[in-house]
Protein chains: 2
Amino acid sequence: MLQNLDRLKVFYHVFSSGSVVAAANALHVSQSAVSQTIHKLEKEVNSPLFTRLHKQLVPTRAGKRLYEIVQPFMGALDGYQKDLEVAKNHPIGELRVGAPPEFGKAYLPSIVADFREKYPDVTFTLELGTPETLLPLLREGLLDFALVDVFLTQSTHIGHLDMYHFNPVGEEEVILACSRQYHEKYVKGDHSFSSLSKQNFISYRKDLQAIRLWFKHHFSKSNIHVRDVLTVDSHEAVISAIAHNVGIGVVASHLITEKLSNGIIVHIKTPKPEIMNAISLVQLQDKIPTLTEKVFERYLIDKIREANGGDSLHNSGTNAKAGEF
Amino acid sequence: MLQNLDRLKVFYHVFSSGSVVAAANALHVSQSAVSQTIHKLEKEVNSPLFTRLHKQLVPTRAGKRLYEIVQPFMGALDGYQKDLEVAKNHPIGELRVGAPPEFGKAYLPSIVADFREKYPDVTFTLELGTPETLLPLLREGLLDFALVDVFLTQSTHIGHLDMYHFNPVGEEEVILACSRQYHEKYVKGDHSFSSLSKQNFISYRKDLQAIRLWFKHHFSKSNIHVRDVLTVDSHEAVISAIAHNVGIGVVASHLITEKLSNGIIVHIKTPKPEIMNAISLVQLQDKIPTLTEKVFERYLIDKIREANGGDSLHNSGTNAKAGEF
DNA sequence: ACCTTAGCTGAAGTTATACTTATGCTCCAG
DNA sequence: CTGGAGCATAAGTATAACTTCAGCTAAGGT
């Protein structure tokens, strides 16, 4: 590998102008310095780069080829620096944000669209996944933001969490629910542990993560065994299954507000307050955010808060999402 | 423009390995030096390139983009150096040779083909033209070789000739000729200046360069006026016109050996010996030739000499070419 | 033909800066 | 809780790039 890249900058100027003096002026050094540098470079690559004609350097083949490598590089570097400069005053570039699948599919596209309306120079890549997949991507610098359910993050084993910065942007109430028909037929108003643990359950994942968390919260029972009759990684599907009397499921209450008020679905309550699941915007703790990131972060938080009804957290959010994915 | 390209090499290694110590080892410097260099680079571009996580540097967006610029560049430089290295032991690469159009069309393609048979890694670009066009190209480093007629070079005004190195590779006899019929009807054996200057002439160019040179050589007359009845920039055409009794023309004798011996065309002689036109292989005086150039030069000279009948110059070459183009 | 000028080269001395050494800090692992 | 791995920082040294000055060569002007 070439030892000294700096000489290439000098070479670039000498080649462009075809003159040592011109290059020396451009670089604000003496012509002797330029001459010496070119000689050193030629010695380094062990090939003449110019043939010395009186008062003129004409490039050799090797020189020409080298220039063809260096020239676009210098151009790219120049563009790079200019881009960085404009990005200091004006949001621009690509943002990579991670989000839970349901949230990413349902809410992010419209947020992105609105944002791009205002800042058309910003592009996006959405990565959908669980905290377990998203946080490592964040750690490796492959994501700028991750939106995650704290509800889930707590339960899973993810290395050291203190390298991340969690910024809560919304909350939702996570409840247990079944259809009115199912409730009348099987639950019969008995919301005790022994009653509920005998029911049919609808889960998001085979490990019943959300259901276990619900039982842990409400009854302080950790290793429950329940009958899992349907596993489907979609909120719509779970809600639909609940409505069709398949069994009991965990769901964010704001997703079924309507079905609760008209009595199609029943909220299974216990004496304990419901689980409040915080949606957090996660970033790398030590990362210095770019202007673009700061602007988007502000925008995203405002959007989500606004969608939550204007007042701060703690009302069951209409946005955000819950459960497993 | 970036002040210090050298730091990019360090950046490249740090990014590749994701570690300061690894880069330091690869570059054979201390860990501290690498750390300092990266900090200076970040200061220079005024953007963080890595976010410091414990025991690890993870690249930011800016860092990633910079790497995407630097990485292919480093690769290209590497390839460049390797190419130069192999070119020291093995002919390879592109050769740009200039030649007179007729020569370039008639002889060079077969020479190039033979050469490439032996050295398949060498490619060619042929530039056809007169010395006036070819020599400046040589001077600007756009050609590696030029084959030119010294005959013509003398007559035209081309700046300083001593920057070039002329290597004679063949000679041809340049003669005045007409058909036997034309000779009997109009010349009638009178080869004096007053007789010849009244004839019809066939020229290559409107300025009658070749004809003027012939008269200057044979009669020491500089500003002759003759009747130009046909101008055509092709030897075949001129010979054909001569054979069809259009008039008198200047031509290389080896091109019409057959027609002279069977009497179709007559050689118009004077007491003076004929013009001997040297074909020279011209290179830039001070250019250090590459191996590829040396090998091809050797090959070209051998080929032309060999085509000239095995013994050295001075017999009317069967190769090479004459006249204007 | 001469001198002058423009441009590249080269040696010697100086200055800048990259590197080393040494130390400290932080976070993870055992 | 302690040790170790990896990055950051300060101070001093050494390397190498730059400046200055002198020399060389070819072109151009008078």
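Structure notes:
- Of all residues in the range B:116-138, those that are closer than 24 Å to B:F166 by Cβ and in contact with a strand residue (DSSP E or B) (Cβ under 7 Å, 6 or more places away or on another chain) total 12.
- Residue within the range A:165-175 that is within 16 Å of DNA strand C (Cβ to nearest atom) and either assigned by TED's automatic domain parsing to the domain that holds A:K294 or touching a helix residue (DSSP H, G or I) at 6+ places or on another chain (Cβ under 7 Å) (or both) present: yes
- Flag for B:G104 being surrounded by 17 or more Cβ atoms within 10 Å (Cβ to Cβ) and within 12 Å of chain A (Cβ to nearest Cβ): no
- Number of positions in the range A:163-182 that are out of contact with any Gly (no Cβ under 8 Å at 6 or more places or on another chain) and closer than 14 Å to A:G249 by Cβ: 2
- Condition met for B:L8 (within 16 Å of DNA strand C (Cβ to nearest atom) and part of a loop (DSSP other than H, G, I, E, B)): no
- Sole residue being of a type in the set (G, A, S), at the interface with chain A (Cβ under 9 Å from one of its Cβ atoms) and exposed (fewer than 14 other Cβ atoms within 10 Å of the Cβ), chosen from B:G79, B:G141: B:G79
- For B:H54: the one exception among (1) within 15 Å of DNA strand C (Cβ to nearest atom); (2) surrounded by fewer than 19 Cβ atoms within 10 Å (Cβ to Cβ); (3) farther than 22 Å from A:Q283 by Cβ: (3)
- Contact map, the range A:34-50: residues that are among the charged types (D, E, K, R) paired with residues that are more than 7 Å from DNA strand C (Cβ to nearest atom), Cβ distance under 6 Å, separation 6+ or inter-chain. Pairs shown: A:E42/A:P48; A:E42/A:L49.
- As for the range A:59-67, it holds no residue that is surrounded by fewer than 19 Cβ atoms within 10 Å (Cβ to Cβ) and touching a helix residue (DSSP H, G or I) at 6+ places or on another chain (Cβ under 6 Å).
- Test: residue in the range B:47-57 that is over 20 Å from B:R298 (Cα atoms), under 26 Å from the mean Cα position of the chain (by Cα), more than 8 Å from chain A (Cβ to nearest Cβ) and of a type in the set (K, R): no
- Within the range A:182-212, tally of residues that are in a helix (DSSP H, G or I) and either within 14 Å of chain B (Cβ to nearest Cβ) or of a type in the set (V, I, T) (or both): 2
- Residue list for the range B:216-252, restricted to those being closer than 14 Å to B:S179 by Cα and buried (at least 18 other Cβ atoms within 10 Å of the Cβ): B:V238, B:I239, B:A241, B:I242, B:A243, B:V246, B:G247, B:I248, B:G249, B:V250, B:V251
- Here is the figure for the range B:32-49: residues that are part of a helix (DSSP H, G or I), more than 9 Å from DNA strand D (Cβ to nearest atom) and among the hydroxyl-bearing types (S, T, Y) total 1.
- Selection within the range A:11-41 - surrounded by 17 or more Cβ atoms within 10 Å (Cβ to Cβ) and more than 10 Å from chain B (Cβ to nearest Cβ): A:F11, A:V14, A:F15, A:S19, A:V20, A:A23, A:A24, A:V34, A:S35, A:T37, A:I38, A:L41
- Residue within the range B:176-186 that is farther than 30 Å from A:Q56 by Cβ and either β-branched (V, I, T) or at pLDDT below 90 (or both) present: no
- The strands (runs of 3 or more DSSP E) falling completely within the range B:77-181 include none with 3 or more residues that are within 10 Å of the chain's Cα centre (by Cα) and more than 30 Å from B:R205 (Cβ to Cβ).
- Subset of the range A:109-131 (residues that are away from chain B (no Cβ under 14 Å), surrounded by 14 or more Cβ atoms within 10 Å (Cβ to Cβ) and closer than 28 Å to B:L49 by Cα): A:V112, A:F115, A:Y119, A:L126, A:E127, A:L128, A:G129, A:T130, A:P131
- Residue tally, condition more than 12 Å from DNA strand D (Cβ to nearest atom) and on the phi > 0 side of the Ramachandran plot, over the range A:2-31: 1
- Looking across the range A:11-31, the residues that are of a type outside the set (A, V, I, L, M, F, W, C), more than 8 Å from DNA strand C (Cβ to nearest atom) and assigned to a helix (DSSP H, G or I) come down to A:Y12, A:H13, A:S16, A:S17, A:N25.
The values are calculated or read from the model by the stated rules, or taken from the named source; none is laboratory data. As the structure is a prediction and not an experimental result, all values here were calculated from the model. Methodologically, a virtual Cβ is constructed for each residue, glycine included, from the backbone with ideal geometry; neighbour enumeration extends over all protein chains shown.
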